[in-house]
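J.: The structure that follows is given in the form of structure tokens.
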Amino acid sequence: MNDITTLTLTETIEAIKQKKFSEEELNKAYLKKIAIINPKINSFLKIQKNSRGIPAAIKDAILTKGIKTTAGSKILSNFVPPYNATVIDKLLEQNISVIGKTNCDEFAMGGSGENSAFRPTKNPWDLNKVTGGSSSGSAAAIAADLSVFSLGSDTGGSIRQPASLCGVVGLKPTYGRVSRYGLIPMASSLDQIGPITKSVEDAALVLDWISGADSLDANCKDAKFSFTPSRWEPKLNGLKVGIPKEYFGEGLDPKVKAVIEEAIKKLEELEAEIVEISLPHSQYALAAYYIIVPSEVSSNMGRFDGIRFGLGRENLGQEVKRRIMLGTFALSSGYYDDYYAKAAKVRTLVKQDFEKAFDPLAGGVDVIVGPVSPTTAWNLGEKIDDPLKMYLSDIYTISANLAGIPGISLPCGFSPSTSSGQARLPVGLQILGKQWDEETILRVGFAYEQATKWHLQEPELVSRVESQESRQKGNKTGF
Amino acid sequence: MNYEPVIGLEVHVELNTKSKMFCRCSADYFGKEPNTHTCPVCLGLPGALPYINKAAIEDCIKIGLALNCTVSERSSFERKNYFYPDLPKGYQISQYRWPLCVGGRLQVTGDRGQDVTIRINRAHQEEDTGKLTHSEGVTLIDFNRSGVPLVEIVTEPDFTDTAQVRDYAKKLQQLFRYLGVSNADMERGDMRLEANVSVRPVGQKELPNYRVELKNINSFRFMVAAIEHEIKRQIAALEKGEKLSQETRGWNEDKKSTFLQRSKEEAHDYRYFPEPDLPELKVDRLQVTVDSIKKSMPELPWDKSKRFVEELKLTEAQAKMLSETKELANFFEEAVKAGNQQEVNAITVANYIINQKVDIKTVKPSEVIEKIKSKSAGLISDARELEKLAQEAIEENPQMVEAYKKGKVTVIQAMIGSVMKKTGGKVNPNKIREILEEKLR
């Protein structure tokens, strides 16, 4: 029998209910695994030793009362928040405990995890590879079974891309579905907290817990998501899946492309109707994104002056300083109209692309499917000195943030690794949906997951630890 | 060459709402223990988000409506970015491109008694900063004031003399108090003035290509003095052939002169952009409509004053005096109402209240009418004189006093009689009885 840390969230809840193991045993099992694996992958910056509740790993950009929260930055290396983010309060109501704060790119700025001011997170599938980012530790922790689920935040792909590169499920909800109160912001108009999980069902359950109105976030709508898996069917029954041609052009690794095409075939087998669509303004999305994000960053970082909390500004990393400067320039008098105002217009066009594609009156699609990342996980250090190359790894994910729509990444196969001796690296399938229609993307994801079971694959690093464990214990582990 | 001043005013007024603009902390900060009215939002802690106080928005709309502004159906908050230790977020949430109230006007009186219409560019909503205290090499910050709602009212450069400026500022202060949106106390900083001053040759239509901003001046008197000084300074400079440029100046009361605070080169670039943490402000989404806000507003001081002249036939000076505060105006109207029943006309009431400097806190409106009646009947109505007469009656009739104290209360009639006799009947016997009874108790 498997180690109990391989169980999904829904399975874990069921097992506890049936008294197959206690919360204490559950926490012990995870803490033990963390002690062995975390030093190899750096997914946690801080570990909390609990014995009660179901453990969740929380991105270190999300405030936890009384637990140091650094956002992956040295400037906050002494910051202990006096309050909880709303999502944390909501999880605590569900008997969830914080098992640790996860590593991330500094202030969520980065796409590889390497911008963490403390140490880079390493990919459990290949320790020479990046995890993607910025929610690097949250994705790696789930891939390595170091927590039942985790929370990340996604501004341009920071949940979906590391989930894809680490072979786990990552959900970015509709903007306004989940309260941002207590999330250290990168770009306030794009940031959204979401779950990283071992299954699609788990993502839906966590979304149910953390979504809904919050009087402390004026942009958070009174729109709670309800977890109703009983309505999900194994077949897709003529559901219309749009394949944007712009997501399959130059820059997409042919090996990744092959895996995605295979996944689309699978959806067809599940009786989805596949249609090619166009999102014509996708090509401008990246440029607009890298005006809007630094602009908001330059303002959001203003409070980190070392007067009321935290350390001095000399503690900020390169990427943070780069974005502060870019944004300060873009908002300067005389430049605003050419940069920020124009980027805002492009943002509207990107949004309209999706509205047209989804328009039910114009025969629109139900979901849009494509790759999450143009490549699988790359080598640590490979792109760190080339910010533009790094920015391009967000090319398929940022549009969803600009448009405010939900998107999910789920495991859809493997591509052979480029480094010798390693077998394979996970590829993620992205499913995008209409605003407030997480239900449909989760339903499609669930049908695909049940038909393929890619989500049950484990990195060798983890299965090796597990088999050692069970040998030591004489196969008496688990339940 | 003859020059004329071109003056525009920016007035900040701190609203007296219960809670702050973007959080639920108490906005009543004056004299409170430092940093006790604070939370993650007004301290600018990481992850904290603003939330709009609708009561403040209603107050801003009231001010806008009173100044004949149009209330924008949709407006937006923007971030004004700059660093200062009293600004915890590194930006102030304000309004810039899409203010809540736009395009109003207010009539003021100039130095020759002429009526001048001042155009109001906007009345917008924003938040206050914390307060710095400098002492002996350290600077202390109190964030109790951080996030208290402010409304900023900006005029077009329509003032041409300081009498207009003074009248405008006084009228706004009166308006804020009438509306009950602020105490508008200059010394406490509830109300703050900034003036933009430049001069141009008489006859020139275009605005001058510079303006001097006068800031941090905390009284009407100093502001007028600073503007007067600035006009003289600028004319002198232009006559010497100097070129004037954009700058910020303060007022030195000891030297009675303005001084340079910040030159054009040091001017901030505030990098305004739409506040991403707040949705667009849609007036039709408020709990109350603009119409109902309008209906809830009291009669404005200048409307009251006009009505006093037209309906009650007061002189303009009387009308203005009696509409000075809402309380005085209400007192006057109550007294007029009481007077109507006793055939005392409004002008008599007005004259009495003004001439006798009636203290509206201790006297009732009906008592004013009583006094007017007694006076017109030739009766002695002065309280001190009546008091004296009663005292004399007591001192001159010790046996009666003794009898009264033993229980023979009817002797009081004889005492009243003695006062009537002494004054030739010029007292109200009931009044004297009241005073005597009081004294003999």
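Since every read-out is calculated from the coordinates, none of them should be taken as a lab result. Just so it is clear, the structure is predicted and the values come from calculations on it, not from any experiment. Cβ sites come from the backbone with ideal geometry, for glycine too, and all protein chains shown count toward neighbours.
J.: For peptide A:295-307, compute the average count of partner chain beta-carbon atoms within 10 Å of each residue's beta-carbon.
T.: 5
J.: Write down, largest first, the equivalent ellipsoid semi-axes of chain B in whole Å, where each equals the square root of 5 times an eigenvalue of the alpha-carbon gyration tensor.
T.: After diagonalising the Cα gyration tensor, the semi-axes are 54, 28, 23 Å.
J.: Could you list A:C166, B:C25, B:C39, A:C412 in order of exposure, starting from the residue whose Cβ has the fewest other Cβ atoms within 10 Å?
T.: B:C39, B:C25, A:C412, A:C166
J.: Continuing with the same structure: Give me the distance between the Cα centres of region A:109-177 and region B:322-392, rounded to whole Å.
T.: Region A:109-177 and region B:322-392 have Cα centres separated by 80 Å.
J.: First measure r as the distance between the Cβ atoms of B:D291 and A:F248, then evaluate 1/(1 + (r/R0)^6) with R0 = 60 Å and state the FRET efficiency to the nearest 0.05. Spell out each step's value before the answer.
T.: Working: r = 56 Å, r/R0 = 0.93.
FRET efficiency, B:D291 to A:F248: 0.60.
J.: Sort out for me the Cα centre separation of region B:186-244 from region A:50-80, rounded to whole Å.
T.: Measuring centre to centre over Cα atoms gives 53 Å.
J.: Give the residue from B:A66, B:A56, B:L87 lying farthest towards the positive end of the charge dipole for region B:44-92; charges sit on Cβ (+1 for Lys and Arg, -1 for Asp and Glu) and the dipole is referred to the Cα centre.
T.: B:L87
J.: Please work out how much length the chain gains when fully extended from B:Y84 to B:K131, using 0.36 nm per residue of separation minus the C-alpha to C-alpha distance, in nm with one decimal.
T.: Roughly 15.8 nm would be gained on extension.
J.: How much FRET efficiency would the formula 1/(1 + (r/R0)^6) give for B:K408 and B:I347, where r is the Cβ-Cβ distance and R0 is 41 Å, rounded to 0.05?
T.: 0.30
J.: Counting Lys and Arg as +1 and Asp and Glu as -1, each charge on the Cβ, what is the dipole of chain B about the Cα centre in debye, to the nearest 20?
T.: 920 debye
J.: Take the alpha-carbon centre of region B:409-441, take the same for region A:269-326, and report the distance between them in whole Å.
T.: 89 Å
J.: Now for a separate question. Give the calculated FRET efficiency between B:R119 and A:N78 to the nearest 0.05, with a Förster radius of 56 Å applied to their Cβ-Cβ distance.
T.: Calculated transfer efficiency: 0.60.
J.: So if the hydrodynamic radius of region B:382-441 is defined as the Kirkwood radius over C-alpha pairs, what does Stokes-Einstein give as its diffusion coefficient at 10 °C and 1.306 mPa s, in µm² per second?
T.: Numbers: Rh = 11.2 Å.
The diffusion coefficient I find is 141 µm²/s.
J.: A follow-up question, please. Less than 9 Å Cβ to Cβ from B:S76, Lys/Arg counted +1 and Asp/Glu -1: what total charge do the surrounding residues give?
T.: Summing Lys and Arg as +1 and Asp and Glu as -1 gives -1.
J.: Check each of the trypsin sites (Lys or Arg not before Pro) in region B:53-144 and keep only those in coil by DSSP with at most 15 other C-beta atoms within 10 angstrom; list them in order.
T.: Sparse-neighbourhood loop trypsin sites (Lys or Arg not before Pro): B:R97, B:R112.
J.: What do you get for the angle between helix B:383-396 and the principal long axis of chain B? Use alpha-carbon atoms, 0 to 90 degrees, nearest ten.
T.: That helix lies at roughly 30 degrees to the long axis.
J.: Test of understanding: in a Gaussian network model of chain B with alpha carbons linked when under 10 Å, which of B:S219, B:S323, B:S376 would top the mean-square fluctuation ranking?
T.: B:S376
J.: Expressed in nm to one decimal, what extension gain is obtained for the pair B:E187 and B:R24 from 0.36 nm per residue of sequence separation less their Cα-Cα distance?
T.: Working it through step by step, the gained length comes to 56.1 nm.
J.: If I model a spin label at B:E385 and B:N355 as a point 7 Å from the Cα along the Cα→Cβ vector, what separation in nanometres do I get?
T.: Spacing of the two 7 Å Cα→Cβ label points: 1.3 nm.
J.: Pairs of lysines 8 or more apart, or on different chains, with alpha carbons under 20 Å: count those in region B:19-124, would you?
T.: Going through region B:19-124 pair by pair, I get 7.
J.: While we're here: For region B:168-251, which GluC sites (Glu not before Pro) pass both filters: DSSP loop (anything but H, G, I, E, B) and at most 13 other C-beta atoms within 10 Å?
T.: Taking region B:168-251 and a limit of 13 other Cβ atoms within 10 Å, the loop GluC sites (Glu not before Pro) found are B:E187, B:E206, B:E242.
J.: List the lysines whose Cα sits under 25 Å from the Cα of B:K313, skipping any in the same chain fewer than 8 residues away.
T.: Cross-link targets: B:K170, B:K171, B:K304, B:K326, B:K337, B:K357, B:K364, B:K371, B:K373, B:K375.
J.: Here's a follow-up. Along the Cα-to-Cβ line of B:E299, 7 Å from the Cα, sits a label point; which residues in region B:154-198 have backbone N less than 17 Å from it?
T.: Hits in region B:154-198 for B:E299 at 17 Å: B:175, B:178-180.
J.: Going by C-beta contacts inside 10 Å, put B:S257, A:S150 in order with the fewest on the left.
T.: Placing the least packed residue first, the sequence is B:S257, A:S150.
J.: Order of A:I441, A:I264 from fewest to most other C-beta atoms within 10 Å? Could you put the intermediate results ahead of the total?
T.: Working: A:I441 27, A:I264 17.
Placing the least packed residue first, the sequence is A:I264, A:I441.
J.: Near A:K342, which lysines are there with a Cα under 16 Å away, not counting those fewer than 8 places off in the same chain?
T.: A:K351
J.: Now, a different point. Under a point-charge model restricted to the Cβ atoms of Lys and Arg (+1) and Asp and Glu (-1), what is the dipole moment magnitude of region B:192-288 relative to its Cα centre, in debye to the nearest 20?
T.: 400 debye
J.: How big is the charge dipole of region A:7-472 about its Cα centre, in debye rounded to the nearest 20, if each Lys and Arg gets +1 on its Cβ and each Asp and Glu gets -1 on its Cβ?
T.: Values: 53 positive and 54 negative charges, 251 e Å.
Dipole of region A:7-472, to the nearest 20 debye: 1200 debye.
J.: A further question follows. What does the charge add up to near B:Y352, with Lys and Arg as +1, Asp and Glu as -1, over the other residues with Cβ less than 9 Å from its Cβ? Numbers along the way, then the final one.
T.: Details: positive: B:K371, B:K375; negative: none.
Value of the local net charge: +2.
J.: Modelled label-to-label distance, A:E93 and B:N252, 7 Å Cα→beta-carbon offset: nm?
T.: About 6.1 nm, to one decimal.
J.: Sequence gap of 8 or more, or different chains, plus Cα separation below 21 Å: how many lysine pairs satisfy both in region B:382-441?
T.: 17
J.: What residues of region B:224-252 lie in the reach of a label at B:V202, counting those whose backbone N is under 12 Å from a point 7 Å from the Cα along Cα→Cβ?
T.: Output list for this probe position: empty.
J.: Here's a follow-up. Please list the equivalent ellipsoid semi-axes of the protein assembly as shown, computed as the square roots of five times the alpha-carbon gyration tensor eigenvalues, in descending order and whole angstrom.
T.: Numbers: eigenvalues 1013, 233, 127 Å².
They are 71, 34, 25 Å, listed from largest to smallest.
J.: Under 23 Å from the Cα of B:K205, which lysines turn up, not counting those fewer than eight places away in the same chain?
T.: B:K232, B:K240, B:K243
J.: Which residue, B:T348, B:T289, B:T133, tops the fluctuation ranking in a GNM of chain B built on C-alpha contacts under 10 Å?
T.: B:T133
J.: Could you pull out which residues in region A:119-150 have an amide N less than 18 Å from a spot 7 Å beyond the Cα of A:E25, following the Cα-Cβ vector?
T.: It comes to A:148, nothing else.
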